[in-house]
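Taking it in order: structure first as structure tokens, then the write-up.
Just so you know, all these numbers are worked out from the coordinates, no wet-lab data involved. What you are looking at is a predicted structure, and each value in this text was computed from that prediction instead of being measured. As a convention, Cβ positions derive from the backbone with ideal geometry for all residues, glycine included, and neighbour counts pool all protein chains shown.
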Amino acid sequence: MVRGVRGATTVNHNNENEIISAAKELVETMEKENGYLPADISHIIITTTQDLNAAFPAAALRKIKGYDLVPVMCAQEIPVPGSLEKCIRVMITLNTDKTQQEINHVYLGNAIHLRPDLALTNRVNSR
């Protein structure tokens, strides 16, 4: 079955190291929380808000073992007034036997405000 795994995180500054580090942490956490391998991934789409342009967050995947052959594309979010700033969003499309209810979407940093119902801390506390 093909499923999507969502994730988002934020950074404090439009800084190359911060963007790469945050994107790496997010993708690694998404993998850990869902138990898939890079070979299970069809593709990854990463978006950033307009205030993040110091680095391509996709560069973070080059630092994660096994992700060198995963197709990745970066894009920019629609600039909706009042939306969360300095945000990196990730959509991983993968093959899995998990149901939609078993997928763990990951929201870190200030991105927990996007989907507090799916934030790791809320899921762990409700188990």
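Once the Cα-Cα distance is subtracted from the 0.36 nm per residue extended length, the residue 16 to residue 39 segment shows a gain of 5.5 nm.
Net charge dipole, the chain: roughly 200 debye, given to the nearest 20, about the Cα centre with Cβ charges of +1 for Lys and Arg and -1 for Asp and Glu. Based on the Cβ-Cβ distance from residue 1 to residue 32, what FRET efficiency comes out when R0 is 25 Å, to the nearest 0.05? After rounding to 0.05, the efficiency reads 0.75.
Structural descriptor for the chain: relative contact order 39 percent, calculated from alpha carbon pairs under 8 angstrom and at least 6 residues apart.
Where the alpha-carbon atoms of the chain are placed on the principal axes, they occupy 37, 35, 22 Å, in descending order.
Ranking 23, 48, 61 by how far each Cα lies toward the positive end of the dipole of the range 23-63 (charges on Cβ) leaves 61 at the top.
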